[in-house]
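The values are calculated or read from the model by the stated rules, or taken from the named source; none is laboratory data. Remember, predicted model here, so these are calculated numbers, not experimental data. Cβ atoms come from the backbone with ideal geometry, glycine included; neighbour counts cover every protein chain shown.
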Amino acid sequence: MNILMATAESLPFSKTGGLADVAYALSKELVREDNNVSIIVPYYKDLDPKKYKAKKLYSLSVKMNWRNIPFNVIHTYYDGIHYYFVDHEGYFKRNNGLYGYFDDGERYAFFSLAVIEFLKKISIKMDIVHVHDWQVGMIPCLLKTKYKDHPVLGKIKSVLTIHNPLFKGYFNASSLWDLYELDYSLYTEGKVRLDNQVSTLKAAIYFADKITTVSPTHKNELLTPEGSKGLNYDLQLRSGDFVGILNGMDYKEFNPLRDPFIYKNWKSNEYKNGKAANKEAFCKEFNLNPKKPLFSVVSRLTDQKGIDLILAMANFAVKSGGQFAVLGSGDAYAEEFFNNLYRQYPESVMVYIGYNNELAHKIYAASDFFIMPSAFEPCGLGQMIAQRYGALPIVRRTGGLYDSVIPYDMNKKNEDVADGFGFTNYSTLDAMTSVAQALMVYNGSKVIMNKLMKNALKVDHTWKKSCQEYIELYKSLI
Ligand code: GLC
């Protein structure tokens, strides 16, 4: 099959979140399964064309109503994937990150229209255009309306994956015509309307041939009024074409045996020594005590990630004889909280405000427990990485966290299968209780602790199975 991923970010070139990991890792797996996979992304500022031997392929232009906007398509080939970059100086080469500009609506309208021009030009006949999140949500709509009788575009099937339902891509109804030359009736008939605005995500939900989200549990949540972030009515209408497929993770990037960033690599049968050596080195570097349990969090410190629970859990862990390492940035009060916690307990706390990939790897390898009490989590990657490095995740059981962690239950004595800890309600008390359970196991039973760790190290979160599900989904369309 010929598959084009249309996405606002993808590794190894651009990343703000998990979307970039998924676009790249899923594509790599699809290539391994003998598909021809291309990724089209904006050409942002920090991309280095020389390093990747990127070459200009086409000079095209987008007609955005009365404006004619020229752009280039740059091509490179990486890990078996064709990358096509939409190159437009004004829209994409900006100084303060990928998103968050006043004209994001227009920037990604331009990008979506550029993808359409690219599809008209390229000689490969794409079977599937797989769009990710709101930025490219108008592509399925354009294919099914303006281009439905086009000899090439009219035949392409589209798949939408929802990674984050919070971002709807709202814009003014008049922009339908101004940006896309699409008929206002799409709005009045409700096909692209959400909350009395145009929503590009809603447009994709209405027009894509299939819809996925990144875990089966999140799929179910999205169909309920409480868990859907306002999308339940629209998704209910499409429920026959809507599936949840759990993301995998990149086993090459995160591999205790070869990871260049951790203190000591380990073979799977030597995990006990390997973990101990990493914890010891980490504790030495940051003046902590290798004998005490080490909890950690690597996360944006924001509402979605359950920031108030994170703070309560950190505070409780440290006051109950544990240690806590944090790497992340976000809400100012949370950053301040951690700086204060460090000032109060320098012998038990390590704080790094910001992002640092190397340090993140070290934290995963050194920690006993990794907390992830998200308010909502379509899939989540941290908990899977933690398991791969033998750090037991402590999660709130929502979305992908529900699907990827089996919590230890003292009453059920399920230590033969459990690979983490969990709680259900969004409550500080329940979150702290989970930390207490983890401490009890750590202090009370080395046998159970080792069993849980072994189970975590054994879980299979490779892309293999999920990739098969995507392939089946694509096949059902062609
Ligand atoms: C979004 C979601 C996260 C998911 C990622 C990749 O960032 O918030 O849960 O893992 O997308 O699908």
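If a residue must be outside any helix (DSSP H, G or I), of a type in the set (A, V, I, L, M) and away from the ligand (no atom under 16 Å from the Cβ), how many such residues does the range 176-221 contain?
Of the range 176-221, the ones outside any helix (DSSP H, G or I) are 181-184, 189-199, 208-215.
This time we only want the ones that are of a type in the set (A, V, I, L, M), so: 182, 192, 194, 198, 208, 211, 214.
Imposing the further condition that a residue be away from the ligand (no atom under 16 Å from the Cβ) reduces the set to 182, 192, 194, 198, 208.
So the answer is 5.
Which one is farthest from residue 136 (Cα to Cα), of the residues in the range 156-175 that are assigned to a strand (DSSP E or B) and touching an Asp or Glu at 6+ places or on another chain (Cβ under 8 Å)? Full working, then the answer.
Looking only at the range 156-175, we keep the residues that are assigned to a strand (DSSP E or B), and these are 157-162, 170-171.
In the following step, the residues that additionally are touching an Asp or Glu at 6+ places or on another chain (Cβ under 8 Å) were identified as 157-159, 161-162, 170.
On the way: 157: 15, 158: 11, 159: 11, 161: 11, 162: 11, 170: 12 Å.
Restricting to residues being assigned to a strand (DSSP E or B) and touching an Asp or Glu at 6+ places or on another chain (Cβ under 8 Å), the top hit is 157.
All but one of (1) in a helix (DSSP H, G or I); (2) in contact (Cβ under 8 Å) with a residue 24 or more places away in the chain; (3) in the same structural domain as residue 276 (by TED's automatic domain parsing) hold for residue 473, so report the exception by its number.
Looking at each condition in turn, residue 473 falls short on (3).
Which residue pairs have Cβ atoms closer than 6 Å, lie 6 or more positions apart in sequence or on different chains, and pair a first residue in the range 364-378 that is in a loop (DSSP other than H, G, I, E, B) with a second residue that is away from the ligand (no atom under 16 Å from the Cβ) and of a type in the set (Gly, Ala, Ser)?
367/296; 367/391; 373/431
Quick one: residue 273 ticks every box in (1) farther than 23 Å from residue 423 by Cα; (2) of a type outside the set (A, V, I, L, M); (3) touching a Phe, Trp or Tyr at 6+ places or on another chain (Cβ under 8 Å); (4) crowded, with 17+ Cβ neighbours inside 10 Å except a single one, so which number is it?
The failed condition is (4).
With the checklist (1) among the acidic types (Asp, Glu); (2) away from the ligand (no atom under 16 Å from the Cβ); (3) buried (at least 22 other Cβ atoms within 10 Å of the Cβ) in hand, flag the one item residue 377 doesn't pass.
(2)
Taking only pairs six or more apart or across chains, which ones have beta-carbon atoms under 7 Å, a first residue in the range 431-459 that is hydroxyl-bearing (Ser, Thr, Tyr), and a second residue that is buried (at least 18 other Cβ atoms within 10 Å of the Cβ) and in a helix (DSSP H, G or I)?
So the pair list comes out as 442/449.
When you scan the range 282-355 for strands (runs of 3 or more DSSP E) that lie fully inside it, which ones turn up with 2 or more residues that are surrounded by fewer than 20 Cβ atoms within 10 Å (Cβ to Cβ) and in the same structural domain as residue 380 (by TED's automatic domain parsing)?
Details: elements: 294-298, 323-328, 349-353.
In the range 282-355, the matching strands (runs of 3 or more DSSP E) lie at 349-353.
Which condition does residue 50 not pass, out of (1) more than 16 Å from the ligand (Cβ to nearest atom); (2) touching an Asp or Glu at 6+ places or on another chain (Cβ under 7 Å); (3) outside any strand (DSSP E or B), if it passes all the others?
Going through the list (1) more than 16 Å from the ligand (Cβ to nearest atom); (2) touching an Asp or Glu at 6+ places or on another chain (Cβ under 7 Å); (3) outside any strand (DSSP E or B), residue 50 breaks only (2).
Taking the condition of being within 11 Å of the ligand (Cβ to nearest atom) and free of Cβ contacts under 8 Å to residues at least 24 places away in the same chain, how many residues in the range 11-46 meet it?
Number satisfying all stated conditions: 2.
For the range 431-452, which residues satisfy the criterion of being crowded, with 17+ Cβ neighbours inside 10 Å and either within 19 Å of residue 311 (Cβ to Cβ) or over 27 Å from the mean Cα position of the chain (by Cα) (or both)? Break it down stepwise before answering.
Narrowing the range 431-452 to residues crowded, with 17+ Cβ neighbours inside 10 Å: 431-432, 434-435, 437-439, 441-442, 448-449, 451-452.
Within the range 431-452, 431, 432, 434, 435, 437, 438, 439, 441, 442, 448, 449, 451 qualify.
I'd like to know if the range 242-262 contains one or more residues that are within 24 Å of residue 161 (Cα to Cα), modelled with pLDDT of 95 or more and of a type in the set (S, T, N, Q).
Looking through the range 242-262, at least one residue is within 24 Å of residue 161 (Cα to Cα), modelled with pLDDT of 95 or more and of a type in the set (S, T, N, Q).
Could you list, in sequence order, all residues of the range 222-255 that are touching a strand residue (DSSP E or B) at 6+ places or on another chain (Cβ under 9 Å) and within 13 Å of the ligand (Cβ to nearest atom)?
222, 244, 245, listed by residue number.
Could you tell me whether residue 8 is within 11 Å of the ligand (Cβ to nearest atom) and crowded, with 21+ Cβ neighbours inside 10 Å?
Numbers: within 11 Å of the ligand (Cβ to nearest atom): no; crowded, with 21+ Cβ neighbours inside 10 Å: yes.
Taking the combined requirement at face value, the residue does not satisfy it.
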